[in-house]
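The values are calculated or read from the model by the stated rules, or taken from the named source; none is laboratory data. Treat the numbers as computed from the prediction; the structure is a model and nothing was measured. Heads up, the Cβs are rebuilt from the backbone with ideal geometry, glycines too, and the neighbour counts pull from every protein chain shown. Ligands, DNA and RNA are stripped out before the accessible areas are found, and what is left, the full protein with its side chains, is counted by its heavy atoms. Shrake-Rupley method; radii C 1.70, N 1.55, O 1.52, S 1.80 Å.
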Amino acid sequence: MKSILFLFGGCSSEYEVSLHSAFAVLSHVDRTQVIPHTVGITQEGRWLYYTGAVSHLEDDTWQAQEGQCVACVPMVDRGNHGLLLLDGSERQVTFDAVFPVLHGKNGEDGTIQGLFELNGTPVIGCNTLASALCMDKDRAHRLVEAAGIRVPQSRAFCRRDAWVEMEQAAEQLGYPVFVKPVRAGSSFGITKVERKEQLNAAVEAAFEQDDTILMEEAISGFEVGCAVMGNDTLTVGCVDEIELAQGFFNYEEKYTLNTAHIHCPARISAETAARIQTAAKQVYRALGCRVFARVDLFLTPKGEIVFNEVNTIPGFTAHSRYPSMMREIGISFDALVQQLIALGTEE
């Protein structure tokens, strides 16, 4: 039996998404093989050891469960894989590994991973460096391009940079242009700018999410994704396709699919799907990913594959893209959760 600490919530704009993902993961844990411990991180950043029913994650009432939440802190002594409960008892909860089911900043960006790597706790997912690199769209693009995969043309800017330089970059990239935070998830702060008059508002929206922004050319075609799992040997899921009726795949569309539709498998040839899977594995290796990640790419009308981004902790509800891609190759949600735990705790 392995004792696993599951983290959910988070001091992030993607707090609610994490609750849904964690509910799904915890509902599919094989409790004959795994002893789960759960810690919820509030939007204010408090750590609470939670012993209540996982059903309360779905409607975000977990904090209101009387007697089910105890303030806690992770132990940082090397080799001490535990939590100290702050209820005056000096009790410690020990575990073999940590599974962060967190999305966005302070969860997917290497901060949580670094905290647990500091004391030698195995992390089920990408390590500190890979998490930080994948979260940073600018640096991820540079490394992927060096690995031989095309990336969109782009320019990064900080607040100190001159406005005239941003205007010139947008003109050079050509409208429409995407303006996005360098480090954010779920399309928060991303705007598709069709004309110059919209640029200022888009830049401000991006800067609300991060201190560095990216201006990026719009790639013609459509977005495809590929789930990748593994350390030494990689398993790739079925390629999916995002069909958009309008705009781009923003936060609302990702979680409501009001006008968008996900095709899994994608409506492409077997040869093209194989090329996308190969590219996804190349990206996964180039950025140092481990255990699991979802690689998102574009497929142009000419059949060219262009890198978009990597999600190191993609959505994990029963209807999310990553589990759906794996289900299409015969890996059920239950089996997927068990395989991820095994990969994250292997010596």
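Electrostatic bookkeeping for Phe23 treats Lys and Arg as +1 and Asp and Glu as -1; over the other residues with beta carbon under 10 Å from its beta carbon, the sum is -2. Distance between the 7 Å Cα→Cβ label points at Ala146 and Glu208: 3.5 nm. Between rounded, prolate and oblate, where does segment 158-205 land on the alpha carbon gyration tensor, with a ≥ b ≥ c its root eigenvalues, rounded for a/c under 1.5, else prolate if a/b exceeds b/c? Note, shape of segment 158-205 comes out oblate. Within the accessible surface of the chain, defined with a 1.4 Å probe on protein heavy atoms only, the carbon and sulfur portion equals 48 percent. Shape verdict for segment 124-171, please, from the Cα gyration tensor: rounded (a/c under 1.5), prolate (a/b greater than b/c) or oblate. Oblate is the answer for segment 124-171, as a/c is 1.5 or above yet b/c matches or exceeds a/b. Cβ-Cβ distance of Gln168 and Glu16, R₀ of 41 Å, FRET efficiency by 1/(1 + (r/R0)^6): the value works out to about 0.60. All alpha carbon pair distances within the chain were sorted into 20 Å bins beginning at 0; the resulting P(r) in whole percents reads 30, 57, 13, 0. Over the chain, DSSP H runs of length four or greater, each weighted -39,500 (n - 2.57), average out per residue to a 222 nm ellipticity of -9000 deg cm²/dmol. Once both labels are positioned 7 Å from their Cα atoms along Cα-to-Cβ, the gap between Glu90 and Asp60 label points is 3.9 nm.
The angle between the Cα long axis of helix 270-286 and the longest principal axis of the Cα atoms of the chain comes to about 60 degrees, rounded to the nearest 10.
Defining a contact as two alpha carbons under 8 Å apart and six or more residues distant in sequence, what relative contact order in percent does the chain show? About 17 percent, as a whole number. The relative contact order of segment 47-190, computed from alpha carbon pairs under 8 Å that lie at least 6 residues apart in sequence, is 15 percent.
With the simple spin-label model, which puts each label point 7 Å out from Cα in the Cβ direction, the Ala53 to Ala270 separation comes to 4.8 nm.
In this structure the chain gives 43 Å² per residue of accessible area when probed at 1.4 Å with all protein chains present. For segment 180-223, what class follows from the C-alpha gyration tensor (a ≥ b ≥ c being the square roots of its eigenvalues): rounded when a/c is under 1.5, otherwise prolate if a/b is larger than b/c, else oblate? Oblate, because a/c is 1.5 or more while a/b does not exceed b/c.
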